[in-house]
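The values are calculated or read from the model by the stated rules, or taken from the named source; none is laboratory data. Quantities reported herein were computed from a predicted structural model and do not represent experimental measurements. Using ideal geometry, Cβ is built from the backbone for each residue, glycine included, and neighbour counts are taken over all protein chains shown.
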């Protein structure tokens, strides 16, 4: 129980105690002017009755306010949940879009890498062919020079003073 509720409860108890202690004075008949006529009735009971009616009215009003606040809170909670769901869906779609973008970029780079690898392998094949051709040419050139040197050596006359048997 809150402080306000306890305070109101104490005030109601004080009014009830005061009415119980002064019941004789409250129930004593007196002449009451109602604005257009005069009646004989207990003024204290009329005032006590009006106080009870006013308290009941305020109680109904407080309950009405409390229920309207609860209904509004429930409605706001539902709206917030809808907004949260929309935000989650938007975030999920952004993640999906980002994933698709990254996959597209990865596929693009993989394609570029494959093209580069193909070009590199083709270039290596060209270089290997060129190296083989150059190697064959070098082999032929060396063989030709060796052949020329052998021909020169064979055509040369042997010197006379070099005789192994003499």
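Looking at 114, 122, 104, can you tell me which residue is farther than 30 Å from residue 9 by Cβ, without any contact (Cβ under 8 Å) to a residue 24 or more places away in the chain and within 25 Å of the chain's Cα centre (by Cα)? Before you say what the answer is, go through the steps one by one.
Details: 114 fails: within 25 Å of the chain's Cα centre (by Cα); 122 fails: within 25 Å of the chain's Cα centre (by Cα).
Exactly one of 114, 122, 104 is farther than 30 Å from residue 9 by Cβ, without any contact (Cβ under 8 Å) to a residue 24 or more places away in the chain and within 25 Å of the chain's Cα centre (by Cα), namely 104.
Could you tell me which of the residues 70, 54 is assigned to a helix (DSSP H, G or I), at pLDDT 95 or above and within 30 Å of residue 13 (Cα to Cα)?
Details: 54 fails: at pLDDT 95 or above.
The match here is 70.
So residue 32 clears everything in (1) touching a strand residue (DSSP E or B) at 6+ places or on another chain (Cβ under 8 Å); (2) at pLDDT 85 or above except one condition, right? Which one?
So the condition that residue 32 fails would be (2).
Find all pairs meeting these conditions: Cβ atoms under 9 angstrom apart; at least six residues apart or on different chains; first residue within the range 1-22 and surrounded by 10 or more Cβ atoms within 10 Å (Cβ to Cβ); second residue part of a loop (DSSP other than H, G, I, E, B).
Close Cβ pairs (under 9 Å, with a partner that is part of a loop (DSSP other than H, G, I, E, B)) amount to 9/1.
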